[in-house]
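Visitor: First the structure, then my questions, so here it is.
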Amino acid sequence: MMSQRFEIRTLLRWAFALTGLFFIVFVTNEVVDVTMLHNDRRTMESRAQWIATLVSQDESIQTSTTKNMLVQFAKEQKMQISVYDKKRQLVFSTKNEEQRMLEGTKQLVVSEHSLAYIKQLPSTHAQAGYLKLIGNKSSIVGLNLLYCFFVAAGVALLLYRDYLVRTYVRPIRFATRMAENLLEGSYNMIAPDRVKRESILHLNLAMNRISESIHDLKHSYNRQRASMATLTENIGNGLILIDGVGRINYVNQTFKDSFQTNASYWELADYHEVITYDSVKHMIDEVYTTKATLARQLQLNVGIERKYYDVSCAPILNKHNKVRGIVVVFHDITTIKKLEKMRKDFVANVSHELKTPVTSLIGFIETLLDGAREDKELEDQFLHIMLHEGQRLQSLIKDLLELSKIEREHFNLEFAKLSLKQLIESVLLIFKERAKEKTIDLRFEPGDEGIIDGDAFRIRQIMINLITNAIAYTPEGGKVSISIHEREDEVDVVITDTGIGIEKDKIPRIFERFYRIDKARSRDSGGTGLGLAIVKHLVEAHEGRIHVESEPGHGSSFTITFKKNSVQPQPNAG
C-alpha cells in the first residue's frame, strides 16, 4: 500500500515538473517571438522610410532613377521591394511579381517565415502610392537547441533530486519517524544496516544503538519504578511525598489504610488543605524553613481511635541547597505503646498482688514475734491465715510461671485424639464437693462425644479455670451447666452459669492479666486474676476461638470452639 502510494506521488511529481518545464519553454518562446517581431517591424519601418524618400519626388512616384539602387539594396537586405501607385497598380518590383494589384493595405502581415510591411507613400496634397516590403523573419540560431538543453537540464535535476531523496532524504525521514516512535515509547522500527553510503550507514547504526539504549533505560526505569512502588506500598509505614511548592505528589496505600482514607483528591493538592493534623503541618513547615530532618512522636486521632505515630520528615535538597521536596513517614507505634502500658500495668499489678500477701505474712510474723505465740488460739488463727496467704502467693507465682511458659516462642502442645466428653467428666469430679458446699447444680448436659485433636493436659487446664470461675461467681443455689455440640469441622464446648454476669463494655477486658470483675470475690476465692489470660492463650494455641455472652444478674456463657482436625505445629528446634 505504501509502495503504491509512493509510486503515485512520484508520477504526479514528474508530471507536474515536466508540465512546468514545457510551460516555461512555451512562454519563453512566445516572448522571444514577440520581441523579434517588434524588432523586425522597427527595421521595416526604418527601411520603408528611406525607400519612400527615394521614390516619392514632386508628388509622383519615380523609380527609373533609383531602380538600380533599389535592386542593389533589396539584394543586400535579402528582401523584396514593390511600389504601387495610388490605384494600387504595380509600378516597380525587385522580383517578378505575379500579383499586379495590391489587395490589402494592412500595415504588417506576418506569415510563418516572412514578414510583409505596407506603407503609404505620402505627397503634399494626396496619397502618391504604396510601398510593400517583404523580408524574412528574424530568428535566433540554436534557440530550439537551447530549449532542448533547458528541458534536459530540468529532467536531469529531477533525476538528481530523486537520487538524493533515495540516498539521503529517505533515510533521514526514516530516522525522523524512528525518533518520533522512540519518543512515543515504540521500539519496533529498526534502521537497515545494508546501505551503500557510509554516512547513512553510520546514521542507521547510531539510531539502532540509540533505540537499544533507550529501550534498556526504559526497561530498567520500569523495573526500578515497579520495585520502588512495591517497596513504598509494602514498607509497613505510611508515606507522603510533597514537592518543593507544597503539593502532594504521592500517598502510599499503607497511609490510606492506617488513616482510613482513600486520599483520592490528595495528589497535587496543597498539604495545608488536605492534612487535618496541625502538629504534622507544623513539622512540615519547620522542615521547609530549617531544611533539617525532624522526628517526633505524635498522638493522632483516627476515627474514634487514638493512635501513636513516630513521624519523620526529611527534606530532599538540590545542589543549590534548595528544598525540592519532603518525605513524611508515619510509623504506627500504637501497639508498642499499648505493650509498654501493658508492661507497666503488669509490673504494677504483680507488685500489688505480691505485696498484699507478703505484707500480710510479715505483719502476722511480727505479731507472733511480739508475744502472740503465748495465746495458742490466736497463734493457730494467725498460722492458718499465714498458710492461706502463702498458698495464694504460691498460686500467683505458679500462674505467672505458667503464663510465661505458654507465651514463650518455643511452647509446644502434645496433640492427640481425645474425647472432650470423657475429659470434662473427669474434670467435674474435682468440683463435685465444691459445688455441693455452695449448693450449686453442676451438671453435664447429654450430647455429642466431641472427638478432636488436642493437648489433653492443656484442655483440662482450660476447663478447670472456666469451671472454677463459674462456681466462684455463681451464688449459692445457682446452676452451672456444660454441654458439647459437634458441627461438620468444629466442636463447641459451652459453659453456662447463673452467676453475677459481666457488663457488656467489660467483656473485652476480662482476658487481660489481673483484671477482675469483682476483686473482693476473686481474692476470697483464691483467684490470681490470670486464669482467663491463660485460657485465652491456650485456646489460641489450639487454633480455636472463645466467645463470651453475658448479662449482669443473669449469668454468663463461655463458648470454646475447637477444630476437629487441627494442623499440628512442628516442634521448634532448641
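Visitor: Six or more apart or on different chains, Cβ under 9 Å: which pairs go from a residue in the stretch 416-432 that's among the β-branched types (V, I, T) to one that's open to solvent by less than 20 Å² (accessible area, probe 1.4 Å) and assigned to a helix (DSSP H, G or I)? Could you list them?
Guide: I424/M463; I424/I467; V427/M463; V427/I467; I430/I467
Visitor: Any residue in the stretch 466-484 that is among the aromatic types (F, W, Y) sitting within a Cβ distance under 8 Å of a residue that is assigned to a strand (DSSP E or B)? List the pairs, counting only those 6 or more apart or interchain.
Guide: Cβ pairs passing all conditions: Y473/D497; Y473/S556.
Visitor: Right, Q422: at pLDDT 90 or above and more than 24 Å from P552 (Cβ to Cβ) or not? Spell out the reasoning first.
Guide: On the way: at pLDDT 90 or above: yes; more than 24 Å from P552 (Cβ to Cβ): yes.
For Q422, the condition - at pLDDT 90 or above and more than 24 Å from P552 (Cβ to Cβ) - is met.
Visitor: Follow-up question, since we're still on this one. Could you pull out the residue among S138, S114, S199 that is within 30 Å of M101 (Cα to Cα) and free of Cβ contacts under 8 Å to residues at least 60 places away in the same chain? Walk me through how you get there before you give the answer.
Guide: Values: S138 fails: free of Cβ contacts under 8 Å to residues at least 60 places away in the same chain; S199 fails: within 30 Å of M101 (Cα to Cα).
Exactly one residue qualifies, and that residue is S114.
Visitor: Based on what the data block shows, is L413 outside any strand (DSSP E or B) and touching a residue at least 40 places away in the same chain (Cβ under 8 Å)?
Guide: Values: outside any strand (DSSP E or B): yes; touching a residue at least 40 places away in the same chain (Cβ under 8 Å): yes.
Yes.
Visitor: Something else: Looking only at residues in the stretch 67-93 that are among the β-branched types (V, I, T) and under 16 Å from K119 (Cβ atoms), which one is surrounded by the fewest Cβ atoms within 10 Å (Cβ to Cβ)?
Guide: Of the residues in the stretch 67-93, the ones among the β-branched types (V, I, T) are 71, 81, 83, 91.
Within this subset, residues satisfying the condition of being under 16 Å from K119 (Cβ atoms) are 81, 83, 91.
Details: I81: 24, V83: 26, V91: 15.
Across the stretch 67-93, the extreme among qualifying residues is V91.
Visitor: Looking only at the stretch 423-441, which residues are of a type in the set (G, A, S) and over 11 Å from I464 (Cβ atoms)? Working first, answer last.
Guide: Looking only at the stretch 423-441, we keep the residues that are of a type in the set (G, A, S), and these are 426, 435.
Passing the criteria: only A435.
Visitor: Across the stretch 231-243, what is the total count of residues that are at pLDDT 80 or above and either under 17 Å from the mean Cα position of the chain (by Cα) or open to solvent by less than 50 Å² (accessible area, probe 1.4 Å) (or both)?
Guide: So the answer is 7.
Visitor: Still on this structure: Being under 60 Å from the mean Cα position of the chain (by Cα), not in a strand (DSSP E or B) and not assigned by the TED database to the domain that holds V55, is that true of even one residue in the stretch 134-147?
Guide: The initial filter retains those residues of the stretch 134-147 that are under 60 Å from the mean Cα position of the chain (by Cα), namely none.
No: the stretch 134-147 contains no residue that is under 60 Å from the mean Cα position of the chain (by Cα), not in a strand (DSSP E or B) and not assigned by the TED database to the domain that holds V55.
Visitor: Output the residue which, of all residues in the stretch 144-167 that are surrounded by 14 or more Cβ atoms within 10 Å (Cβ to Cβ) and not hydrophobic (A, V, I, L, M, F, W, C), is modelled with the lowest pLDDT.
Guide: This residue is T167.
For every residue, the table says whether it meets (1) modelled with pLDDT of 80 or more; (2) open to solvent by 40 Å² or more (accessible area, probe 1.4 Å); (3) of a type outside the set (G, A, S); (4) under 24 Å from A17 (Cβ atoms).
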| residue | (1), (2), (3), (4) |
| --- | --- |
| H125 | no, yes, yes, no |
| G135 | yes, no, no, no |
| V169 | no, yes, yes, yes |
| I172 | no, yes, yes, yes |
| R177 | yes, yes, yes, no |
| N188 | no, yes, yes, no |
| P192 | no, yes, yes, no |
| H202 | no, yes, yes, no |
| N222 | yes, yes, yes, no |
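Visitor: Restricting attention to the stretch 331-339, does a residue exist that is assigned to a helix (DSSP H, G or I), β-branched (V, I, T), at pLDDT 70 or above and open to solvent by less than 60 Å² (accessible area, probe 1.4 Å)? So that I can check it myself, show each step before the final result.
Guide: Applying the first criterion (assigned to a helix (DSSP H, G or I)) to the stretch 331-339 yields 334-339.
In the following step, the residues that additionally are β-branched (V, I, T) were identified as 334-336.
Applying the additional criterion that residues be at pLDDT 70 or above yields 334-336.
So of that shortlist, the ones also open to solvent by less than 60 Å² (accessible area, probe 1.4 Å) come out as 334.
Yes, some residue in the stretch 331-339 is assigned to a helix (DSSP H, G or I), β-branched (V, I, T), at pLDDT 70 or above and open to solvent by less than 60 Å² (accessible area, probe 1.4 Å).
Visitor: Right, next: Go through the stretch 473-500 and give me each residue that's open to solvent by 60 Å² or more (accessible area, probe 1.4 Å), assigned to a strand (DSSP E or B) and of a type outside the set (K, R).
Guide: If the condition is that a residue be open to solvent by 60 Å² or more (accessible area, probe 1.4 Å), assigned to a strand (DSSP E or B) and of a type outside the set (K, R), then H485, E486 are the ones that fit.
Visitor: Test of understanding: among A456, A416, A470, which residue is open to solvent by less than 10 Å² (accessible area, probe 1.4 Å), of a type outside the set (K, R) and out of contact with any Cys (no Cβ under 8 Å at 6 or more places or on another chain)? Before the answer, list the steps.
Guide: Details: A456 fails: open to solvent by less than 10 Å² (accessible area, probe 1.4 Å); A416 fails: open to solvent by less than 10 Å² (accessible area, probe 1.4 Å).
A470 is the lone residue from the list that is open to solvent by less than 10 Å² (accessible area, probe 1.4 Å), of a type outside the set (K, R) and out of contact with any Cys (no Cβ under 8 Å at 6 or more places or on another chain).
Visitor: Scan the stretch 44-64 for residues that are in contact (Cβ under 8 Å) with a residue 12 or more places away in the chain and either outside the structural domain of Q127 (by the TED database) or surrounded by 14 or more Cβ atoms within 10 Å (Cβ to Cβ) (or both) and jot them down.
Guide: Answer for the stretch 44-64, where residues must be in contact (Cβ under 8 Å) with a residue 12 or more places away in the chain and either outside the structural domain of Q127 (by the TED database) or surrounded by 14 or more Cβ atoms within 10 Å (Cβ to Cβ) (or both): M44, E45, R47, A48, I51, A52, L54, V55, S56, I61, T63.
Visitor: Also: Taking into account only those residues within the stretch 276-330 that are assigned to a strand (DSSP E or B) and of a type in the set (V, I, T), which is farthest from the chain's Cα centre (by Cα)?
Guide: V302
The values are calculated or read from the model by the stated rules, or taken from the named source; none is laboratory data. Because the structure is a prediction, the values reported are computed rather than measured. Counting neighbours? That spans all protein chains shown, and the Cβs are built from the backbone with ideal geometry, glycine included. Please note that ligands, DNA and RNA were not included when accessible areas were found on the heavy atoms of the full protein model with its side chains. Shrake-Rupley method; radii C 1.70, N 1.55, O 1.52, S 1.80 Å.
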